[in-house]
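The values are calculated or read from the model by the stated rules, or taken from the named source; none is laboratory data. Values in this document were obtained by computation on a predicted structure and should not be read as measured data. Virtual Cβ from ideal backbone geometry, glycine too; neighbours counted across all protein chains shown.
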Amino acid sequence: MTIILISFGSLSIFISELILSDSNMNNNLLTSIFQTISASSTTGFNSVDIGLYNRTTLLVIILLMFIGTAPASTGGGIKSTTFGIIWLAMLSNLKGKKDTNVFQKKIPDGIMKTAYSIGIFSFLLILFDLSILLLIEDKSFMKLLFEVVSAFGTVGLSTGITAELKTFSKLILIFTMFFGRLGPLAIGSTLLGKSEPVHYTYSEGEFYLG
């Protein structure tokens, strides 16, 4: 997943900046690789002014920051393996396969439920915080989204509007960093408490989807 994300991010940023910004090819290639690794590993380093990037490039960086780095690391985001499992589960479902397999191993149902929970919880948190910032700030949607996702992934990248935000908006970003650093599962289990063991199961029901 790390190789795929870095390759996708570098190529996307390179093409976007080359076409839309007409920048130097050699410098743009090196910068694209550097910023992709920085966003994916959530280290927060930048070699250029992020605020000068076009919206397509910002969207790619936002996606990379949301996915984040590998698990068991000090980086943020939902983690690359979480995104990979969600993607594989979606492909398996579209192909009509009962199980989701990778490297000749079946991914346990509990792991897939955890991956979906992390992804949905993180998405809803970002959506909630972004809605508040859009309500009280007179800034562009893309730049506010960038700030929120950067805070969630504890990346440290910014388009340069952080200092111009209202105090309440900064508190929202701090709150988002706190949640992003501890992780959705840790926060959720703390709020909901420890679940009691259940010694029974219900009969299966029929539900219509799609």
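For (1) closer than 13 Å to F66 by Cβ; (2) of a type in the set (A, V, I, L, M); (3) out of contact with any Leu (no Cβ under 8 Å at 6 or more places or on another chain), each residue gets a yes or a no:
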residue: T114; (1), (2), (3): no, no, no
residue: I120; (1), (2), (3): yes, yes, yes
residue: F128; (1), (2), (3): no, no, yes
residue: L135; (1), (2), (3): no, yes, yes
residue: L144; (1), (2), (3): no, yes, no
residue: F152; (1), (2), (3): yes, no, no
residue: S158; (1), (2), (3): no, no, yes
residue: F168; (1), (2), (3): no, no, yes
residue: I174; (1), (2), (3): no, yes, yes
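Would you point out the residue of segment 86-116, among those that are of a type in the set (V, I, T) and surrounded by fewer than 16 Cβ atoms within 10 Å (Cβ to Cβ), that is farthest from the chain's Cα centre (by Cα)?
V102
Kindly indicate whether any position in segment 45-58 is crowded, with 20+ Cβ neighbours inside 10 Å, under 26 Å from L173 (Cβ atoms) and among the charged types (D, E, K, R).
No, there is no match, as no residue in segment 45-58 is crowded, with 20+ Cβ neighbours inside 10 Å, under 26 Å from L173 (Cβ atoms) and among the charged types (D, E, K, R).
Does segment 44-65 include one or more residues that are in contact with a Gly (Cβ under 8 Å, 6 or more places away or on another chain) and of a type in the set (G, A, S)?
The answer is yes, given that some residue of segment 44-65 is in contact with a Gly (Cβ under 8 Å, 6 or more places away or on another chain) and of a type in the set (G, A, S).
Given the conditions (1) modelled with pLDDT of 90 or more; (2) surrounded by fewer than 19 Cβ atoms within 10 Å (Cβ to Cβ); (3) within 28 Å of G210 (Cβ to Cβ), and given that I6 satisfies all but one, which numbered condition is not satisfied?
Looking at each condition in turn, I6 falls short on (3).
Evaluate segment 35-43: report whether one residue or more is surrounded by fewer than 17 Cβ atoms within 10 Å (Cβ to Cβ), under 26 Å from G119 (Cα atoms), modelled with pLDDT of 90 or more and under 19 Å from the mean Cα position of the chain (by Cα).
For segment 35-43, residues surrounded by fewer than 17 Cβ atoms within 10 Å (Cβ to Cβ), under 26 Å from G119 (Cα atoms), modelled with pLDDT of 90 or more and under 19 Å from the mean Cα position of the chain (by Cα): absent.
Per-residue answers, yes or no, for (1) out of contact with any helix residue (DSSP H, G or I) (no Cβ under 7 Å at 6 or more places or on another chain); (2) part of a helix (DSSP H, G or I); (3) of a type outside the set (G, A, S):
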residue	(1), (2), (3)
I120	yes, yes, yes
L125	no, yes, yes
D129	no, yes, yes
K143	yes, yes, yes
V155	no, no, yes
G160	no, no, no
A163	yes, yes, no
